[in-house]
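This report refers to the structure that appears directly beneath it.
The values are calculated or read from the model by the stated rules, or taken from the named source; none is laboratory data. Keep in mind it's a predicted model, so treat the numbers as computed, not measured. Every residue, glycine among them, receives a Cβ derived from its backbone with ideal geometry; neighbour counts consider all protein chains shown. SASA here: full protein model, heavy atoms, side chains in, ligands and nucleic acids out. Shrake-Rupley method; radii C 1.70, N 1.55, O 1.52, S 1.80 Å.
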Amino acid sequence: MTRIAIVDNEKLKDMQQKLYIQGICPVNRTGKECIKIEADGKLAIDEYLCTGCGICPKAAPNAINIINLPEELKTKPIHRYGENKFVLYSIPTPTFGKVTGILGVNGIGKSTAIKVLAGVLKPNLGDWNKLETDYNELISFFKGTEAQLFFEKIKKEEIKVAYKPQQVDLIPKTTKGKVIDLLKKVDEKNELRKIANELQINEILNNDITEISGGELQRVAIAATVLKNADLYIFDEPTSYLDIKQRINISKFIKSLINENNAVLVVEHDLVILDYIADLVHLMYGKEDCYGIVSGVKPVRNGINVYLSGYIKEENVRFRDSTIKFAEKPPVKKKHTKEEITSWHEIEKKLGNFVLKAHNGLIRKNEIIGILGENGIGKTTFVKILAGVLKQDKGDIGNKVKVSYKPQYLEVSDALVVDVLKTAFNKYENQIINPLNINPLSLNKLSELSGGELQRVAIAHCLQQDADLYLLDEPSAYLDSEQRLILSKVIRDFIEQKNSSALIVDHDLLFVDYISDKLLVFEGKPAIE
Ligand code: SF4
């Protein structure tokens with residue numbers, strides 16, 4: 001097959017629209033049934049009859065995608081979710097004794113691949129009508145590759161997999177109880193105390209799982225994974241919600257799990273961390289929500305550079321038109337006005353046992369300031385003081401500024417994206433909606449969005465407000481490395497156009513370095529000073 005068609009029937013309005021689309025297909029007009037309406041009312045496209053003329057995707061851009069597959073793609077699919085649904089063409093292979101990273105944009109099939117490796121999803125080799133694939137079929141499908149050995153071991157039940165899911169914030173919705181009791185249930189190695197020490201979660205062991213922060217949930221989820229006796233450990237985005245210190249700590253911890261009898265797979269979008277944590281890397285490319293292909297395994301640094309370049313020489317595949325370049329200096333030249341928007345002088349604020357002290361500083365117009373520091377060290381308190389929401393005990397603040405704030409943890413509701421982002425759709429289509437690719441989400445409820453989609457909507461929501469100072473707390477969480485780069489450009493251009501300023505709290509060093517003109521560094525002891 002040289003072409004695939006992806007149809008999201010939920011995004012087609014009604015039967016009238018489906019019949020219209022069917023009527024404009026040139027192949028249908030010759031009497032063949034390329035676009036058909038099934039008995040259940042769903043529109044389906046015959047990928048063998050479709051000529052790829054591009055007429056129907058233009059008529060329903062949010063619902064229909066026709067994709068010409070790369071000529072080099074000779075392999076058959078590993079898994080397809082159904083007719084005109086997402087298709088995965090290959091899977092990453094864990095290497096024993098090594099940490100293997102997976103790098104690719106969101107929606108490219110990383111989770112599908114992980115579920116196949118974890119034995120949670122039995123792949124159908126592209127035949128979605130087949131109820132289950134026999135492991136023998138899989139083994140012969142992968143004959144002569146590393147994956148053959150892997151599935152032979154899975155078949156003989158010689159591989160046990162432990163898996164940390166991506167969205168740790170969903171855990172309290174399905175799991176109840178004290179952290180210690182939950183961890184005791186999975187402690188097959190009898191190492192709870194040791195692991196709790198290493199992951200610095202001792203102090204929250206007696207807390208309820210619903211009462212701990214995102215960073216703590218992340219470390220509890222990692223603890224629950226490594227307490228299991230497994231041969232393959234899979235960590236899907238193990239550093240989101242973690243500050244820089246914790247990221248390095250977790251990376252060392254994950255590296256230390258490796259011995260010659262086990263393997264570790266890590267999906268990670270923080271390129272600095274991926275470079276540190278992984279020995280090898282698979283690149284995943286394709287088209288978001290349509291199809292995904294996994295490259296051969298590469299040494300990590302070489303793999304990251306190939307990923308940034310957008311061209312895999314060995315496989316002769318160009319998967320992105322442009323190269324991602326991280327300029328040493330900020331790429332946008334700014335006219336630095338002297339005008340300051342606010343300043344602070346020897347401020348002090350006591351909140352319970354926590355004391356925040358900030359000496360002298362100022363923020364100018366048209367300036368982006370990155371904020372680095374551990375979690376719980378007063379970053380949000382500081383900004384609330386600048387916004388006049390909190391009153392300092394000592395010291396002076398210059399002007400009170402109007403602040404628009406994107407919090408670290410995102411609230412979901414049943415509101416529609418288009419309603420939440422009314423101003424952005426009316427005023428900032430080119431500056432915010434299009435570059436953040438929010439149009440395809442417009443008719444979704446917030447509660448239906450993935451972590452990365454919700455993040456993009458929350459950023460747009462923050463930017464659409466009228467403010468002097470935009471505060472974005474961890475805008476890079478759940479975004480893939482390409483989206484992080486696009487986001488940094490969106491924020492930089494927006495702040496320049498509005499002649500306002502921004503404070504960006506983030507723990508991805510590459511992202512902070514790229515977006516910021518200056519840095520504010522918070523030092524001290526979390527929850528103390
Ligand atoms: Fe028909 Fe394919 Fe053209 Fe769509 S892209 S109108 S299905 S031939």
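The table that follows gives values for the structure above.
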{"read-out": "Criterion: part of a loop (DSSP other than H, G, I, E, B), at pLDDT 90 or above and in contact with a helix residue (DSSP H, G or I) (Cβ under 9 Å, 6 or more places away or on another chain) - qualifying residue of Pro123, Pro94", "value": "Pro94"}
{"read-out": "Hits in the stretch 239-253 (condition: among the aliphatic types (A, V, I, L, M) and either over 15 Å from Gly101 (Cβ atoms) or buried (at least 24 other Cβ atoms within 10 Å of the Cβ) (or both))", "value": "Leu242, Ile244, Ile248"}
{"read-out": "Scope the stretch 463-473; condition surrounded by fewer than 23 Cβ atoms within 10 Å (Cβ to Cβ) and part of a helix (DSSP H, G or I); matching residues", "value": "Gln464"}
{"read-out": "Flag if Tyr89 is closer than 30 Å to Ile234 by Cβ and either near the ligand (Cβ under 9 Å from one of its atoms) or touching a Pro at 6+ places or on another chain (Cβ under 6 Å) (or both)", "value": "yes"}
{"read-out": "Subset tally (residues that are under 25 Å from Asp493 (Cβ atoms) and open to solvent by less than 10 Å² (accessible area, probe 1.4 Å)) for the stretch 370-391", "value": "4"}
{"read-out": "Segments classed as helices (runs of 4 or more DSSP H), wholly inside the stretch 154-221, with at least 2 members that are of a type outside the set (Lys, Arg) and within 18 Å of Tyr409 (Cα to Cα)", "value": "171-174"}
{"read-out": "Residue count, the stretch 410-428 (criterion: in a helix (DSSP H, G or I) and either touching a strand residue (DSSP E or B) at 6+ places or on another chain (Cβ under 8 Å) or open to solvent by less than 80 Å² (accessible area, probe 1.4 Å) (or both))", "value": "6"}
{"read-out": "Residues that are open to solvent by 20 Å² or more (accessible area, probe 1.4 Å) and of a type in the set (Val, Ile, Thr), drawn from the stretch 274-305", "value": "Val297"}
{"read-out": "Qualifying positions in the stretch 264-291 - at pLDDT 95 or above and small (Gly, Ala, Ser)", "value": "Ala278"}
{"read-out": "Matching residues, the stretch 397-426, being touching a helix residue (DSSP H, G or I) at 6+ places or on another chain (Cβ under 7 Å) and among the basic types (Lys, Arg)", "value": "Lys406"}
{"read-out": "Given (1) more than 14 Å from the ligand (Cβ to nearest atom); (2) open to solvent by 50 Å² or more (accessible area, probe 1.4 Å); (3) polar (S, T, N, Q), index of the condition Thr95 fails", "value": "(2)"}
{"read-out": "Test result for Pro440, modelled with pLDDT under 95 and in contact with a Leu (Cβ under 8 Å, 6 or more places away or on another chain)", "value": "no"}
{"read-out": "Those residues of the stretch 295-351 which are over 30 Å from Phe382 (Cα atoms), modelled with pLDDT of 80 or more and among the β-branched types (Val, Ile, Thr), in sequence order", "value": "Val297, Val300, Ile304, Val306, Ile312, Val317, Thr323"}
{"read-out": "Residues within the stretch 11-34 that are more than 11 Å from the ligand (Cβ to nearest atom) and either in contact with a helix residue (DSSP H, G or I) (Cβ under 6 Å, 6 or more places away or on another chain) or touching a residue at least 12 places away in the same chain (Cβ under 8 Å) (or both), tallied", "value": "7"}
{"read-out": "In the stretch 40-69, residue surrounded by the fewest Cβ atoms within 10 Å (Cβ to Cβ) [restricted to those that are among the small types (Gly, Ala, Ser) and near the ligand (Cβ under 9 Å from one of its atoms)]", "value": "Gly54"}
{"read-out": "The stretch 390-415, subset β-branched (Val, Ile, Thr) and within 30 Å of Val168 (Cα to Cα), residue modelled with the lowest pLDDT", "value": "Val412"}
